[in-house]
Amino acid sequence: MKTKLTDVFFDLDHTLWDFDKNSELTFNTIFKNNHPEVDAKLFIDKYVPINQECWKLYQFDKITHEELRYNRLKHSFDAIDYSISDAQINKISDEYIRLLPDNNHLFDGTFEILEYLKPKYNLHIITNGFAEVQSRKMYNAKIQSYFQTVTNSEMAGVKKPNPAIFNFALKQANAAVASSIMIGDSYDADVLGALNAGLDAIYFNESNASVDQSIKQINNLLELKKFL
């Protein structure tokens, strides 16, 4: 007999909180105010994949938090052949972190699906993002009240896909692995990470990436109603 689900864990960035949209708005503000000569659209086109690659290195402990924040900007400026000093990069990095949570675009269906799920399950967040920034994102987007616990990599001391962060989150939520499920946009960090820790998982596959057909997947958050 299958164990009844009681606890649903979500990733935050790229799953509920529209990181790319909010990041674009943040850079537009920064460049308009401080570097108007930068072609913001060209920069963002380069930044999006570079940021994803830097986060992959960070989640597998191949670069530090500081290197992540510096490298993603430095490599993006290099890619558009824009000369900028390290001091200016560090200033932009600080400004970006400060302004980013002020933008609060969520993926379509976020509020509707959280309203649907909240009466049925205990809802939680597991994020590799930084505690203060993630907290401000959730507060400004008005979604913090839906979640009973928020686990971040700073608290757990490890990052997804390390099984220890899932175990930490389960303990914090007082949830059993057999009655829990993880939903996220990263196939490696969220889906394989959760499965390797013993949780069930649903892949938020917005980009229609080709994955193993045995993996539960959705393209829109409202499709979660098929599974939950």
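For Thr151, nonlocal amide neighbours, meaning residues 5 or more places apart or on other chains whose placed amide H falls under 5 Å from its own, are Ile125, Ile126, Thr127.
For region 7-113, GluC sites (Glu not before Pro) meeting the loop criterion (DSSP other than H, G, I, E, B) and having at most 15 other Cβ atoms within 10 Å: Glu37. Loop only by DSSP, 15 or fewer other Cβ within 10 Å of the Cβ. Give me the trypsin sites (Lys or Arg not before Pro) in region 110-173 that pass, ordered by residue number. In loop regions of region 110-173 (DSSP not H, G, I, E or B), the sparsely surrounded trypsin sites (Lys or Arg not before Pro) are Lys120, Lys142. In the chain, the DSSP beta bridges split such that about 5 percent are antiparallel, to the nearest 5. The heavy atoms of Ile50 offer some 40 square angstrom of accessible surface to a 1.4 angstrom probe.
Only Lys, Arg, Asp and Glu count, each charged at its Cβ (+1, +1, -1, -1), so figure out the dipole size of the chain about its Cα centre, rounded to 20 debye.
Working: 24 positive and 31 negative charges, 165 e Å.
Magnitude of the dipole: close to 800 debye.
Between the amide H of Gln217 and those of Tyr203, distances stay under 5 Å, these residues lying 5 or more places away or on another chain, with hydrogens modeled in the peptide plane. The Cα center of region 164-228 and the Cα center of region 1-74 differ in position by 20 Å.
3J(HN,Hα) couplings calculated from phi for region 67-81 with the Karplus curve 6.51 cos²θ - 1.76 cosθ + 1.60 (θ = phi - 60°) are, in sequence order, 5, 4, 5, 7, 4, 5, 7, 4, 5, 5, 5, 4, 5, 9, 6 Hz; Gly and Pro show x. Calculate how steeply helix 86-99 sits against the longest principal axis of the alpha-carbon atoms of the chain, using the helix alpha-carbon long axis, and give the answer as 0 to 90 degrees to the nearest 10. Once rounded, the angle reads 40 degrees. Between 0 and 90 degrees, the angle of helix 131-140 with respect to the longest Cα principal axis of the chain falls at about 80 degrees.
Once the chain from Lys91 to Asp39 is taken as fully extended at 0.36 nm per residue, the excess over their C-alpha distance is 16.9 nm. Of the residues Leu100, Tyr82, Ala40, the one whose Cα sits farthest toward the positive end of the charge dipole of region 1-109, with +1 on the Cβ of Lys and Arg and -1 on the Cβ of Asp and Glu, is Leu100. If you model the chain as an ellipsoid using its alpha carbon gyration tensor, with each semi-axis the square root of five times an eigenvalue, the axes come out at 32, 18, 16 Å, biggest first. Exposed loop sites, defined as chymotrypsin sites (Phe, Trp or Tyr not before Pro) outside DSSP H, G, I, E and B with at most 16 other Cβ atoms within 10 Å, are absent from the longest region of the chain, namely 131-226. On a 0 to 90 degree scale, rounded to 10, what angle separates helix 40-59 from the longest Cα axis of the chain? Roughly 50 degrees, rounded to the nearest 10. Think of each Lys and Arg Cβ as +1 and each Asp and Glu Cβ as -1; about the Cα centre, that makes the dipole of region 62-101 roughly 140 debye. Across region 186-200, coupling constants 3J(HN,Hα) worked out from phi with the 6.51/-1.76/1.60 Karplus curve, θ = phi - 60°, read 9, 4, 6, 6, 8, 7, 5, x, 5, 4, 5, 8, x, 7, 6 Hz, and Gly and Pro carry x.
Let's test the formula: R0 of 45 Å, r as the Cβ-Cβ distance of Lys4 and Lys32. What FRET efficiency results, to the nearest 0.05?
0.30
Amide H contacts for Asp200 (H built 1.01 Å from N in the peptide plane; partners 5 or more residues away or on another chain; cut-off under 5 Å): Ser180, Met182.
The values are calculated or read from the model by the stated rules, or taken from the named source; none is laboratory data. The structure presented is a predicted model; accordingly, all values stated were derived computationally and were not measured. Ideal geometry is used to build each Cβ from the backbone, glycine not excepted, and the neighbour counts take in all protein chains shown. Just so you know, the surface numbers come from the protein's heavy atoms only, side chains and all, with ligands and any DNA or RNA stripped out. Shrake-Rupley method; radii C 1.70, N 1.55, O 1.52, S 1.80 Å.
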